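A short worksheet on the structure shown next.
The values are calculated or read from the model by the stated rules, or taken from the named source; none is laboratory data. Keep in mind the model is a prediction, meaning the values are calculated, not measured. Side chains included, ligands, DNA and RNA excluded: accessible areas come from the protein's heavy atoms. Shrake-Rupley method; radii C 1.70, N 1.55, O 1.52, S 1.80 Å.
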Amino acid sequence: MRLLRRKSQKDAAESPPELREDVHTGLHTYVVGSRQARPNLPDAGCPFCPGGLEAPENYEVRWFVNRWPAMADERCEVVLYTPEHDATFWSLGAEGARKVIDLWAERSAALGARPDISYVLVFENRGAEVGATIAHPHGQIYAFDFVPELPLRELERGEQFDEPGDRLVATAPGWRAWVPAAPIFPYALMLAPDSSVPDLPSLDEAGRDGLAHLLVDVLERLDRVFDAQTPYMLWIHQRPFDGGEWPQARLHVEIVSPWRSPGVPRFVAAGELGSGVYFNPVAPEAAAQSLREAIR
């Protein structure tokens, strides 16, 4: 019996990613047994530094196909923001951030042009608290062959954005950043352009410059609020690449941190997961005020 079980586990680990749907909830989950064997930390040196496994040559920004993909068919990519191992996104400055945004747009367009791709999600996890295994500044891109539930729900609601009022945190030419009225996480930010831009490839030069300035601004504020490299999750929602019109699509960036105070995480627990109703211990207005005051 033990031998059979070991064989089953080995087969699962070697199986390609499999998309499954829960018949009870309708939710989709990729079963990715192969990722269980991926290394948690590099054995020797950083693979993202120049000369490392994933960056044999020097670079400014770089992308490559993930060796441990969550989905098959080269639909998972890694984006390196800088060759500097100890940098942060905001320490790149607007010029460095603009190079990252250009690469995000380039890869969104390239992946979105594939006939098997319907949606491109750009995202970043920073910090061990949110699952990042390598500290070198980087993000990822997932290219789905369907439109995932959360962006689809937003699109069906018409991509509505509230007026921030006293939850406004910062502005840059053509962009605003604010704390949403009802965030799940203690510290959350919404970044949206003033005009209705549908996706990253559609951003013009001024729009990309504005986004670069705003990302640098708010991510520095987040670190200054806690006087630490704050763990965060960042994702970008944009128009699907499935050939549909999607006139209601509007590009936006969301950033959330699990910390409610320095080093103290806010846990999503059973009452919330079981109900789908969330309880935030930090008032959005207070979070916005802290972020506004977190300036040089």
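What is the gain in length, in nm to one decimal, between R153 and T25 on full extension, counting 0.36 nm per residue of separation less the C-alpha to C-alpha distance?
44.6 nm
A 1.4 Å probe run over the protein chains yields, for region 20-156, 51 Å² of accessible area per residue, whole-number rounding. Here the sum of -39500 (n - 2.57) over DSSP H runs of 4 or more residues, divided by the residues of the chain, equals -8500 deg cm²/dmol at 222 nm, to the nearest 500. Gain on full extension, evaluated as 0.36 nm per residue between A128 and F279 minus their Cα-Cα distance, stands at 52.0 nm. Couplings 3J(HN,Hα) of region 268-277, computed from phi: 7, 10, 4, x, 8, 5, x, 10, x, 10 Hz, in residue order, whole Hz [Karplus 6.51 cos²θ - 1.76 cosθ + 1.60, θ = phi - 60°; x for Gly and Pro].
Which of the three applies to region 138-296, rounded, prolate or oblate, going by the alpha-carbon gyration tensor with a ≥ b ≥ c and a/c under 1.5 meaning rounded? Oblate shape, in that a/c is at least 1.5 and b/c is the bigger or equal ratio.
Converting phi to 3J(HN,Hα) with the Karplus coefficients 6.51, -1.76 and 1.60 and the offset θ = phi - 60°, region 53-69 yields 4, 9, 9, x, 10, 5, 7, 9, 10, 7, 10, 7, 6, 5, 6, 10, x Hz in sequence order, with x at every glycine or proline. Computed from backbone phi, the HN-Hα couplings of region 187-192 come to 10, 9, 9, 10, 10, 9 Hz, rounded to whole numbers (Karplus: 6.51 cos²θ - 1.76 cosθ + 1.60, θ = phi - 60°; Gly and Pro given as x). Taking amide H as placed 1.01 Å from N in the peptide plane, the amide H of N66 sits under 5 Å from that of C76, E77, V78, each at least 5 places away or on another chain. Considering the chain, its Cα convex hull presents a mean projected area of 17.5 nm².
Starting from the alpha-carbon convex hull of region 208-294, give the projected area averaged over all orientations, in nm². Mind showing how you got there, number by number?
Working: hull surface 32.3 nm².
Its Cα hull, projected and averaged over all orientations, spans 8.1 nm².
For region 70-113, the gyration tensor built on C-alpha atoms gives an oblate shape. Its axis ratio a/c (a ≥ b ≥ c) is at least 1.5, and a/b is not larger than b/c. Per the Cα gyration tensor, region 123-217 maps to an equivalent ellipsoid with semi-axes of 22, 19, 17 Å, ordered largest to smallest.
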